[in-house]
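Here's the structure, in structure tokens; my notes come after.
The values are calculated or read from the model by the stated rules, or taken from the named source; none is laboratory data. Keep in mind that what you see is a predicted model, and the values were worked out from it rather than measured. Here the Cβ is made from the backbone with ideal geometry for all residues, glycine too, and neighbour counts use every protein chain on show. Each accessible area value is taken on the protein alone, full model and side chains, heavy atoms only, with ligands, DNA and RNA left out. Shrake-Rupley method; radii C 1.70, N 1.55, O 1.52, S 1.80 Å.
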Amino acid sequence: MKNNIIKSKGNFLERFFWYMSEDRFLKGASLARIGLGLIILYNYTVLYFQRDVLFSPQGILGDNLYTIDFTLYALSSSQFYFDFLYHAGIIFAILFTLGYKGRIISVINYIFTFSFIQVAFLMTDGGDNLMYLLLFYLLFANTTAYYSLDSFKSKAIKDYSNYFQKIKSTFHNFAVLACIIQVCILYFVSGLYQIMGEMWSNGTALYYIMQADVFSNPNFSSIALSNETLMVLTTYASVVIKLAFPFLITNKNTKYIAVISVVLFHIGIGIFMGLITFSLTMIVAELLFFTDKEYNAVSRYTKKLNDSIKNRKATHEVAKNEKVSVQTNTITVLYDGWCPMCIKSITNLKKLDTFNTISFQSFRNPEILKVYNIDIERLEKRMHSFDKKKKPKEGIDAFIQIIQRMPLLWISLPILYTAKILGFGQRLYDYIASKRNIIPVGQCTDNCSVDYHSYSNKFKDE
């Protein structure tokens, strides 16, 4: 009772420490342990058959091996000693991933991992810097509470009235909080440096970065480089996401948008730029941003969704209801039939309308205007969409409503929602729309383009 009074009536600092004295991030820390452990094992195994050529005392880097400070590999020039450390590092990485004797193995694994990366510094791609910090902070956290060998052996109920337990929980929560702050600082500072660069300001930075062999995947980079619009939008999106990230995660609703956006961003980096361990380390760090309560909520939602899918497949009646549900989600999109760019875009979108839930209509048809009774000037400025209740959405909101019905484009939804929330999505849409040209039917010859504003009054008269 006394604790509850302090939690509810104490000052902010007291409430904060009471909040931090109970475990909040056990599942996130446990998942991060598994993720980091697998990345460490990847680093060991991908270089396993080249280790003697590269890192051994007789290898290419052998002469520089013993000039490196703070690495176990520099203590002896024996080949046997090198092989022993390398294989011991793999064993401790496996134990760390499995979550065996977490407090002890975490320290040993940190030392071995730090030593190995110091030796293999020419093979790293930037993810090692964050891994150092995350592994160090997590030394003070409980990373084996879930999904570990330790959790299978220990089923004791924690007593949070015990001060020793409170101290352990406080260290754990502050360790995870340090990881979160570190990631936020990384994103924000990186975004600040980017906006100060000329190439980031004019949207060409990623294009020139991917020209370098070190920062490109030859199997996929050509696909991205062939689309200039994609390069510009991705460049600006990366800056916006990084600057907005520390602020978006403070809200429980926008947190999911922020995390999904940066995860997609790093997946793109891993695929198109070939920075595998860097991307994986950054994605694993995002696992720490959610509390156990949020993980449980996602788990319940997933279970509920899974049960719903099973029930739909169980009976034919539910299958009929599913068809009705799809039909009730249909919308009508009004576009400019005099705009060649609009017509081309609508043609491509129709191909992606898998469930045929969108009816595209040109508002240049007078019959359409009678049905929806909307001002022609508003339609000329922004695309509109209407659901069954004829509730209108326009501009970026209409575009989002279209993408929601196209599974192949769902990957772009986090960026669109972020742009809408930050307020520049609608302005960007209006800017693009203002640059389009229209060709009134039957009123011009080939290769002519006429600004749509000059025809708005004439169309109304007709």
- Message: Given a 1.4 angstrom probe, I'd like the percentage of the accessible area of segment 371-420 that is carbon and sulfur, rounded to a whole number.
- Response: 57 percent
- Query: With every protein chain present, what is the per residue accessible area of segment 262-305 (1.4 Å probe, Å²)?
  - Reply: 48 Å²
- Going from most exposed to least, what order do 87, 384 have by accessible area with a 1.4 Å probe? 87, 384
- Based on the Kirkwood radius over alpha-carbon pairs, what is the Stokes-Einstein translational diffusion coefficient of segment 84-136 at 4 °C with 1.567 mPa s viscosity, in µm²/s? 114 µm²/s
- Can you send over the carbon and sulfur percentage of the accessible area for segment 272-311, probe radius 1.4 Å, protein chains only? 67 percent
- Message: Quick check: at a probe of 1.4 Å, how many percent of the accessible area of segment 102-246 sits on carbon and sulfur atoms?
- Response: 68 percent
- Query: Among the listed pairs 303/393; 101/303; 351/393, which are separated by more than 29 Å between their Cα atoms?
  - Reply: 303/393; 101/303
- Return, ordered by residue number, the residues of segment 12-48 whose backbone nitrogen is under 19 Å from a label point located 7 Å along Cα→Cβ of residue 177. 12-30
- Once 18, 410 are ranked on solvent-accessible area with the largest value leading and a 1.4 Å probe, the list reads 410, 18
- Query: Mind listing which trypsin sites (Lys or Arg not before Pro) in segment 175-279 are in a DSSP loop and have 13 or fewer other Cβ atoms within 10 Å?
  - Reply: 252
- Can you tell me the relative contact order of segment 230-297? Whole percent, Cα pairs under 8 Å, sequence separation 6 or more. 20 percent
- Note on the structure: Ranked output for segments 117-128, 281-292 by mean other Cβ atoms within 10 Å, highest leading, reads 281-292, 117-128
